[in-house]
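Notes follow once the structure below has been shown.
The numbers here are math on the coordinates, done by the rules we state, and not lab data. If you're wondering where the values come from, they're calculated on a predicted model, not measured in any experiment. Methodologically, a virtual Cβ is constructed for each residue, glycine included, from the backbone with ideal geometry; neighbour enumeration extends over all protein chains shown.
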Amino acid sequence: MLYARSARRTPVPAWRAALFGLGLVCVVAPLNSPLETLAEHYLLLAHLLQNAIIADWAPPLLIIGMTPAMRAAVAARGGRPFAAVTQPAVALPLWLVGWYGVHVDAFYEAALRHPWALNVEHALLIAIGLAFWWPVLARTTRTVPASLILYLLAAFVAASFLGLAYTFVSRPFYGFYVHAPRVWGLGPAEDQNLGGVIMNGEQSIVFLAAIGYVLVALLDREDERTATHAAQPR
């Protein structure tokens, strides 16, 4: 509703509106579809895929879908707290703590057994995702700091250990899914291992795409500097 109201005041390019809409779909669809049923009652891999969509896909799409004016308005409304949590030095550890924290056994089990806790889990994933991707995709200037490459690489490497644990550890981490009814012929260990493969695969795609985006922006900036220097009279 806020996006639509803002778009009525200031025209929004169709491609931005489409990406914002796709970001909303990435929040709503996983939580209101058969994927939610599978995640909440049967399969860990469905839960991990659900978390990946709302944490890794939705936030970047929502941020890109906003115009610079919209982002500036969000930052202004958020004030100093928003500016603090979207600084790379804060956003990265915040994202990592949140990402690992919601997958801790005690929290994960509680979320599966209590709907309110599951809603908290999903809200946390969306919030930390927005905080993490804001420094990358919501810059107020055309200048692209090279440190963003290190920021993304550090996040990619640090987060990958969770997916690797799911992939290679044969002992199921969550008792809830050990005792859940089995579907598709998957045992608890196979379910967990396949979920880890899915998690690592989707994060590889997302982070490599983001790193490629930053690299292209850095090369464009270098080309502009070279062209400007060449055009200066000698």
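Projecting each Cα onto the charge dipole of the chain (Lys/Arg +1, Asp/Glu -1 at the beta carbon, about the Cα centre), which of Leu2, Gln87, Leu45 comes out farthest on the positive side? Farthest towards the positive pole: Leu2.
Segment Leu219..Ala84, full-extension length gain: 45.7 nm, with 0.36 nm per residue of separation and the alpha-carbon distance subtracted.
The P(r) of the range 71-195 has a tail past 17 Å containing 66 percent of all C-alpha pairs.
Only Lys, Arg, Asp and Glu carry charge here, each on its Cβ (+1 for the first two, -1 for the last two); on that basis the range 19-148 has a dipole of about 720 debye about its Cα centre. Relative contact order, whole percent, for the chain stands at 25, derived from Cα pairs under 8 Å and 6 or more residues apart. Other residues with beta-carbon under 14 Å from the beta-carbon of Asn119 carry, at +1 per Lys or Arg and -1 per Asp or Glu, a net charge of -2.
Restricting the range 92-150 to trypsin sites (Lys or Arg not before Pro) that sit in a DSSP loop and have at most 13 other Cβ atoms within 10 Å of their own Cβ leaves Arg142.
A Förster distance of 22 Å, applied to the separation of the beta-carbon atoms of Ser33 and Trp184, puts the FRET efficiency at 0.85. Counted over the chain with a bin width of 10 Å, the fraction of Cα pairs per bin, in whole percents, is 7, 28, 32, 20, 9, 2, 1, 0. Here the range 57-118 has an Rg and Dmax of 15.2, 41 Å, counting Cα atoms alone. Taking the average, over residues, of other Cβ atoms within 10 Å as the packing measure, peptides 203-214, 176-187 rank 203-214, 176-187 from highest down.
Report summary: the helix-based calculation at 222 nm, which adds -39500 (n - 2.57) for every DSSP H run with n ≥ 4 and divides by the residues of the chain, gives -26000 deg cm²/dmol. On full extension, the segment bounded by Arg171 and Ala7 gains 54.0 nm, given 0.36 nm per residue less the C-alpha separation.
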